[in-house]
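> Okay, handing you the structure first.
Bear in mind that the values in this text are calculations on the coordinates, not laboratory data. Since we're looking at a predicted model, the values are computed, not measured. Quick reminder, even Gly has a Cβ in these numbers, built from the backbone with ideal geometry, and neighbours come from all protein chains shown.
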Amino acid sequence: MIHDLFRILIALHITTGATGAISFWFPVLGRKGGPSHRRWGNIFTRVLLATGSFAICMSLLTLIDPLTTHPHLVGQFDADFIRGIFGWMMLFLGVLTINLTWYGWQCVTHKHNRAAMREWRNVILQPLLILAALNCAIQGLLIDQSLMVAISFVGFATAFTNLWFLYKPKAGPKDWLKEHLKALVGSGISVYTAFMAFGSIRILPALALNPIMWAIPLTIGVSIIIWQWWRLDGGYRHYAGLVTRLVRKASASGT
């Protein structure tokens, strides 16, 4: 029964995850703020919340019975390894995906109203992610998997930067938009990481823990975030103006 339920969850997880992976690019590459951006953004948000939820359910079944849920790995990996990677780490990644998606949605829904963003689910998801990240790191140490320890820092960084924005004394006029971009592009990173890393376990199991499989989507996603933030700050004109002002100030002080 556990195996059958797990297979159903895999099918649902792949369906929603694939939809999210495709819909991710429409708001990223398209015109920002228009009807198409909002429509695809809503689709991406809803399917990612579902994808993260299915991942959590799959991880819990794996923790209960790792060998029954992953019979194709029997003989290649022991129960502790499967429980660690496909149980505890997937639990962490599921919580991370839901955290980023919900937080990003709240940022664009409430924009400048940070008090409204501090609704109970958005607040609770931050310490929950910290606990999931801490547990992932501890479980990684117990089974000597440094990848689990390394990936946990993404959770710590996410939760603490989210909390800083939600509670810092004063937010800039574009901070909500930067946080929205950070969060939903981060959700996209998690989708592609899952497809490249966990998906490869069925084809070439040795690739699942290859750092390159985890680094590719992370590098692309972080590059998108930096590029979009740079554009929001005015691009090269902003930094050219900043350099000009610094040069003028230095010249004036020299005279």
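> Would you list the membrane-span-like helices of the chain, meaning whole DSSP H runs whose alpha-carbon atoms span at least 18 Å along their axis and whose mean Kyte-Doolittle value is at least 0.5?
The answer, listed by residue number, is 2-23, 35-64, 90-110, 120-142, 146-167, 211-232.
> Another question, if that's okay. Mind checking which lysines have their Cα closer than 26 Å to the Cα of K111? Skip sequence neighbours fewer than 8 apart in that chain.
Candidates past the 8-residue exclusion: K32, K168, K170, K174, K178, K182.
> Please state the charge dipole magnitude for the chain, taken about the Cα centre, from unit charges on C-beta atoms (+1 on K and R, -1 on D and E), reported in debye and rounded to the nearest 20.
My answer is approximately 1660 debye.
> Separate question: When the convex hull of the Cα atoms of segment 2-193 is projected onto a plane and the area is averaged over all directions, what value comes out in nm²?
For segment 2-193, averaging the hull's shadow over all directions gives 11.0 nm².
> Taking 7 Å along the Cα-to-C-beta vector as the label spot, tell me the L67-T109 distance in nanometres, rounded to one decimal.
The answer from the label model is 4.5 nm.
> Moving on. Roughly how many nanometres apart are two label points built 7 Å out from the Cα toward the Cβ at R46 and W230?
3.5
> Per the Kirkwood formula on distinct C-alpha pairs, the Rh of segment 1-68 is how many angstrom?
13.1
> Using a simple spin-label model with points 7 Å from Cα along the Cα→Cβ vector, what separation in nm is obtained for H3 and L60?
That separation, rounded to one decimal, is 2.3 nm.
> Considering only T68, L163, M89, whose Cα is most displaced toward the positive end of the charge dipole of segment 2-193, charges sitting on Cβ of Lys, Arg (+1) and Asp, Glu (-1)?
Working it through, the farthest residue towards the positive pole turns out to be L163.
> Here is a further query. When the chain is fully extended, how far beyond the present Cα-Cα distance does R118 get from A215, taking 0.36 nm per residue of separation?
31.7 nm
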